[in-house]
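Structure first, then comments.
Any read-out appearing in this document is the output of simple, stated calculations on the displayed coordinates, not a laboratory observation. Here the structure is a predicted model, which means the values were calculated and not measured. Ideal geometry is used to build each Cβ from the backbone, glycine not excepted, and the neighbour counts take in all protein chains shown.
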Amino acid sequence: MSFTLPDLPFAKDALGQYMSAETFDYHHGKHHKAYVDKLNGFVAEKGLRGSLTDIIRQARADGDKAVFNNAAQHWNHSFFWQCLAPPEGQTPEGRLAQLIASAFGGIDPMLARLKEEAVGHFSNGWAWLILDRDELKITSLHDADTPVVHEGMKPLLTLDVWEHAYYIDYRNERPRFAESVLGNVINWEFVAQNLDGDGVGRADQEAASEAFA
Ligand SMILES: [Fe+2]
């Protein structure tokens, strides 16, 4: 059994200046791939079974940090790529726009709050827009921690704030990275889809048997 690195849902140069092809070469092609490769090593060594989210939850229950970190980072990145889209002036619409307006007063204050969370998060981690029952909330999780193991955290949108996410294009400027990405290359259609509560499932993966690997 082995897990696979998912293809990016767009060409690696499609986000232009906001996230460069070189960043994707490293972030997707090397960092994300390394998590998948390490996870596959554990799958073989420990005989792990089940889907990616099964393995993440079991590793958390067992206190197996090495498996948890690599499996959770595989899920987090698989979700993150889907949150991005080429800069075509997209904005939240419909029910998503209404929920954002009632929770934050509009898209601009919501993005400002998400940027504040991303910038204020100490060291490595992920900033999240989540659905908690019927309410939108903004929070962040440290290192590889993931909504997959948090009851009531239905993921809608995330921003990777590990330094490897922005160092090539923005050097140490996390605030400029957060503002540029959140303001220009978010796939609001994907975010809106996740209002159905199945965001976790959209980055899940079944391990392929070796015959098909
Ligand atoms: Fe990352």
task = Sum -39500 (n - 2.57) across every DSSP H segment of at least 4 residues in the chain, then divide by the residue count to get the 222 nm mean residue ellipticity, nearest 500.
result = -13500 deg cm²/dmol
request  = At most 11 other Cβ atoms within 10 Å and a DSSP loop assignment: could you name the trypsin sites (Lys or Arg not before Pro) in the range 20-87 that fit?
outcome  = Arg49
In range of the label at Arg176: residues from the range 13-43 whose backbone nitrogen is under 15 Å from the point 7 Å along Cα→Cβ = 17-20
remark   = Taking Cα pairs closer than 8 Å and at least 6 residues apart, the relative contact order of the chain in percent is 29 percent
Cα coordinate range in the range 24-76, projected on the principal axes (Å, largest first) = 33, 20, 17
ask   = Would you list Ile55, Ile168 from fewest to most Cβ contacts within 10 Å?
value = Ile168, Ile55
remark   = Quick calc, the chain, dipole around Cα centre from Cβ unit charges on Lys, Arg (+) and Asp, Glu (-), nearest 20 debye, gives 280 debye
key: Virtual spin-label span in nm between Ile168 and Ser209, 7 Å along Cα→Cβ   = 3.7 nm
Of Lys33/Lys65; Lys33/Lys137; Lys38/Lys137, those spanning more than 25 Å from alpha-carbon to alpha-carbon = Lys33/Lys137; Lys38/Lys137
Residue-span extension gain [Thr91 to Asp25] - 0.36 nm each, minus C-alpha spacing = 21.0 nm
remark   = Between Leu5 and Glu116, the two model label points (7 Å from Cα along the beta-carbon direction) sit apart by a distance in nm of 3.8 nm
message = Could you tell me how far the Cα centroid of the range 101-132 sits from the Cα centroid of the range 143-168, in Å?
response = 12 Å
query = What is the magnitude of the charge dipole of the range 1-49 about its Cα centre, with +1 placed on the Cβ of each Lys and Arg, -1 on the Cβ of each Asp and Glu, and no other charges, expressed in debye to the nearest 20?
reply = 280 debye
query = Can you sort Glu116, Glu88, Glu93 so the residue with the fewest Cβ neighbours within 10 Å comes first?
reply = Glu88, Glu93, Glu116
inquiry  = Name the residue from Gln73, Ala203, Leu5 whose Cα lies farthest towards the positive end of the charge dipole of the chain, charges +1 on Cβ of Lys and Arg and -1 on Cβ of Asp and Glu.
reply    = Gln73
request  = May I ask you to work out the translational diffusion coefficient for the chain at 37 °C, viscosity 0.692 mPa s, via Stokes-Einstein with Rh from the Kirkwood sum over Cα pairs, reported in whole µm²/s?
outcome  = 188 µm²/s
note = With label points set 7 Å from each Cα along the Cα-to-Cβ direction at Arg133 and Lys33, the distance between them in nm comes to 4.6 nm
task = Using the number of other C-beta atoms within 10 angstrom as an exposure proxy, rank Trp188, Trp75 with the fewest first.
result = Trp188, Trp75
query = So what are the ³J(HN,Hα) numbers for the range 153-160, from phi and the Karplus equation (6.51, -1.76, 1.60; θ = phi - 60°), rounded to whole Hz, Gly and Pro as x?
reply = 9, 8, x, 10, 8, 9, 10, 6
query = Per 10 Å bin, what is the whole-percent P(r) computed from every C-alpha pair distance within the range 70-168?
reply = 15, 48, 33, 5
